[in-house]
Amino acid sequence: QVQLVESGGGLVQAGGSLRLSCAASGRTFSRLAMGWFRQPPGNERELVAAISRAGVNTYVADFVKGRFTISRDNAKNTVYLQMNTLKPEDTAVYYCAGRASAWYTGRNEYDYWGQGTQVAVSS
């Protein structure tokens, strides 16, 4: 089993930055493709970014492209989401997820999910 724990959320003013971290337990992190999702208040969960297990391939959703970056450090069992130039519409609970595959940009069928971290952006 793999447990994922997100951290780094909080309250920030518009235009600010946050870096989210997702730490994984166990020794299989390097075998997982990882994704970051978010769920804004009253809306469905959406895929924000994804990264292949080796970190070679990345995907960033159009609505955050140019502002958010996904990366990972397999030696530290951690995946990151760097969020710059934050906007009020980025307010959401952010989740990381892992799937036992080399690369995955789907919205479903992840094997592991974290509990989420709240990000609130004030105008």
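The values are calculated or read from the model by the stated rules, or taken from the named source; none is laboratory data. Keep in mind that what you see is a predicted model, and the values were worked out from it rather than measured. Cβ sites come from the backbone with ideal geometry, for glycine too, and all protein chains shown count toward neighbours. All accessible areas refer to the heavy atoms of the entire protein, side chains included, with ligands and DNA or RNA removed. Shrake-Rupley method; radii C 1.70, N 1.55, O 1.52, S 1.80 Å.
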Whole Å is fine, so just give me how far the alpha carbon centre of the range 68-110 lies from that of the range 6-62.
2
DSSP beta bridges in the chain, what fraction antiparallel, as a percent rounded to 5?
90
Scalar couplings 3J(HN,Hα) for the range 63-71 by Karplus 6.51 cos²θ - 1.76 cosθ + 1.60 (θ = phi - 60°), nearest whole Hz, x for Gly and Pro, are 6, 10, 4, x, 10, 10, 9, 9, 8
What's the local net charge at residue 119, with K and R +1, D and E -1, over the other residues with C-beta under 9 Å away?
0
In a Gaussian network model over the chain where Cα atoms closer than 10 Å are linked, find which of 63, 37, 29 has the largest mean-square fluctuation.
63
Distance between modelled label sites at residue 87 and residue 75, nm, 7 Å Cα→Cβ extension
3.7
Which cross-chain or sequence-distant (5 or more) residues have an amide H under 5 Å from the amide H of residue 45, H modelled 1.01 Å from N in plane?
none
Along the charge dipole of the range 1-71, which of 30, 20, 4 sits closest to the positive end, that is, farthest toward it, with unit charges on the beta carbon of Lys, Arg, Asp and Glu (+1, +1, -1, -1)?
30
May I ask for the net charge around residue 102, where only other residues with Cβ less than 12 Å from the Cβ of residue 102 are counted and Lys, Arg are +1 while Asp, Glu are -1?
+3
Expressed in nm to one decimal, what extension gain is obtained for the pair residue 56 and residue 19 from 0.36 nm per residue of sequence separation less their Cα-Cα distance?
11.3 nm
Considering only protein heavy atoms, what per residue accessible area in square angstrom results for the chain with a 1.4 angstrom probe?
52
Apply the Karplus parameterisation 6.51 cos²θ - 1.76 cosθ + 1.60, with θ equal to phi minus 60°, to every residue of the range 33-38 and state each ³J(HN,Hα) to the nearest whole Hz, in sequence, with x for glycine and proline.
6, 10, x, 10, 10, 9
For the chain, modelled as a Gaussian network with Cα springs under 10 Å, which listed residue fluctuates most, 77, 57, 43?
43
Quantify, in whole percent, the carbon and sulfur part of the accessible surface of the range 1-93 (1.4 Å probe; protein heavy atoms only).
44
Cα gyration tensor category, rounded, prolate or oblate, for the chain with a/c compared to 1.5
prolate
Calculated FRET efficiency, residue 30 and residue 123, Cβ-Cβ r, R0 41 Å, to nearest 0.05?
0.55
Ranked by GNM mean-square fluctuation in the chain (Cα springs under 10 Å), the top entry among 48, 56, 79 is 56
